[in-house]
Every structure is written in C-alpha cells, then in structure tokens.
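We did not get these values from a lab; they are worked out from the coordinates using the rules stated. Bear in mind the structure is a predicted one, so any value in this text is a computation, not a measurement. Reconstructed Cβ throughout: ideal geometry from the backbone, glycine too, with neighbour counts over all protein chains shown.
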Amino acid sequence: MITDKDNELAFKAHAGTPQWADGPSQITNLGTYLLMLALFGLAFYASSAWPAEWVADTLPFTGVTENHVAVVYSGLILAPLTWAFWCYLVVYFTRYTVTDQKILKRVGVLNVQIDYVELYRVKDYQLQKPLLLRIFGLGTVRVQTSDRSRPLFHLVGIRDSENVGMSIRTLSEAKRLERGVRELDVSSAG
C-alpha cells in the first residue's frame with residue numbers, strides 16, 4: 001500500500017536535489033497584523049466604553065438583551081485575532097524550494113497545493129525589494145516562465161533574495177544547456 005509518505009518521497013525524488021528551501025517571512029503580514037490590532041483595540045474599547053447593560057437599556061423595544069450585546073462584542077473582539085492567526089498560518093505553511101530541476105511552491109493550511117516550474121522554462125527573473133522588506137533584509141523574486149499555466153512565479157518575502165535569484169538564473173541556464181532548449185520570441189508585427 002502506498003502511503004502519503006511514499007508519495008512525498010517519490011515526488012521529492014522526481015523534483016531533484018534541493019539547492020535552497022525557505023518560506024516567506026511573517027513581515028509580509030505586518031500590514032494585516034497592524035490592521036487587526038487596531039480593530040481588536042477598537043472592539044475592546046467599544047466593549048469597555050459602552051457596557052452591554054447600557055446598550056441593552058438604550059434599545060428597549062428591539063428585544064436586544066445584555067447577552068446579545070455580549071455575543072456581538074465577543075465576536076468583534078475575536079474576529080481580528082482569528083483572522084491574524086489564520087494569516088500567520090498561511091505564511092507559516094508556505095514553503096519554497098529550488099532544486100536542480102524545478103522551483104516548487106507549497107501552499108496550504110488545510111488543503112495543500114504544490115505548484116512547480118521546470119527550470120528550463122525560466123525566461124527571466126526580477127528582484128523586488130520594497131522599502132519595508134528591504135528594512136528587514138528581505139525581497140521578492142519574480143520569475144517569468146514559458147509555462148502557459150504559470151507565466152509568473154513569485155517567491156515573496158524571502159531572505160537572501162539576491163542570491164536566490166542568481167541561483168535560479170545559474171541553474172536555469174545549466175538546465176537549458178543540458179536539454180538543448182533555446183528561447184524563441186515570436187512577435188506579431190502588423
């Protein structure tokens with residue numbers, strides 16, 4: 001009987017020898033964390049400034065009780081925390097791997113999806129280092145490929161992005177030479 005572990009080992013053997021592996025930094029969630037913190041603080045302040053008894057008393061003919069208001073306040077307080085935790089998990093379970101044959105991106109908390117691009121299909125790469133990522137020594141490598149289903153492949157918020165980009169370039173050129181693949185750009189001139 002073939003197990004998930006057997007499938008994973010067979011997939012790894014097919015993918016090649018790992019050259020680099022890492023995941024995105026949680027810094028990529030910084031904006032989400034700050035927004036959720038602000039919403040949490042606002043909800044907490046609202047529950048403190050307007051107690052459930054007072055809100056229920058100001059709405060006497062609506063049938064709203066203190067319990068209803070307490071449930072709403074609890075939801076308003078827990079929703080930002082839950083969303084921030086979910087965003088944390090998404091980044092935590094995202095993994096990038098560059099092998100001597102492919103670039104793999106494994107994403108998923110409950111359901112896992114693995115996307116890959118053969119290195120010989122890499123046409124170009126671009127390094128992006130916006131200010132926030134650069135402050136923390138991070139960057140994003142955007143890989144342009146000839147794969148029709150995945151023309152752009154992003155490795156977001158990674159450490160040592162310059163060396164990763166150069167490794168992808170070197171490995172893709174070696175794989176193209178090994179396979180005898182050449183790029184042909186065809187433009188439709190009118």
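Since only F136, N163, T32 are under comparison, the one whose Cα sits farthest along the positive direction of the charge dipole of the chain, derived from C-beta charges on Lys, Arg, Asp and Glu, is N163.
Between the helical axis of 4-15 and the longest alpha-carbon principal axis of the chain there is an angle of about 40 degrees. Pairs of Cα atoms nearer than 8 Å and 6+ residues apart set the relative contact order; for segment 30-90 it is 50 percent.
Taking segment 79-101 and a reference point 7 angstrom along Cα→Cβ of L34, the backbone N atoms nearer than 19 Å belong to 80-81, 83-85, 87-88. By how many degrees, between 0 and 90 and to the nearest 10, does the Cα long axis of helix 66-92 differ from the longest principal axis of the chain? That helix lies at roughly 10 degrees to the long axis. Of interest is the spacing of the C-alpha centroids, which for segment 95-123 and segment 144-169 amounts to 10 Å. May I ask you to list the residues of segment 120-143 whose amide nitrogen lies under 12 Å from a point 7 Å from Cα along the Cα→beta-carbon direction of I27? Answer for this model: 129-140. Ordered by the count of other Cβ atoms within 10 Å of each Cβ, fewest first, Y96, Y45 give Y45, Y96. Max-minus-min Cα coordinates of segment 109-190 on each principal axis give 43, 34, 32 Å, with the largest extent listed first. Between 0 and 90 degrees, the angle of helix 161-179 with respect to the longest Cα principal axis of the chain falls at about 40 degrees.
Using every pair of separate Cα atoms, the Kirkwood estimate puts the hydrodynamic radius of the chain at 20.3 angstrom.
Between F93, Y45, L177, the Cα set farthest toward the positive side of the dipole of the chain (charges on each charged residue's Cβ, about the Cα centre) is that of L177. Placing dummy labels 7 Å off each Cα toward the beta-carbon, the span from M166 to A79 is 4.8 nm.
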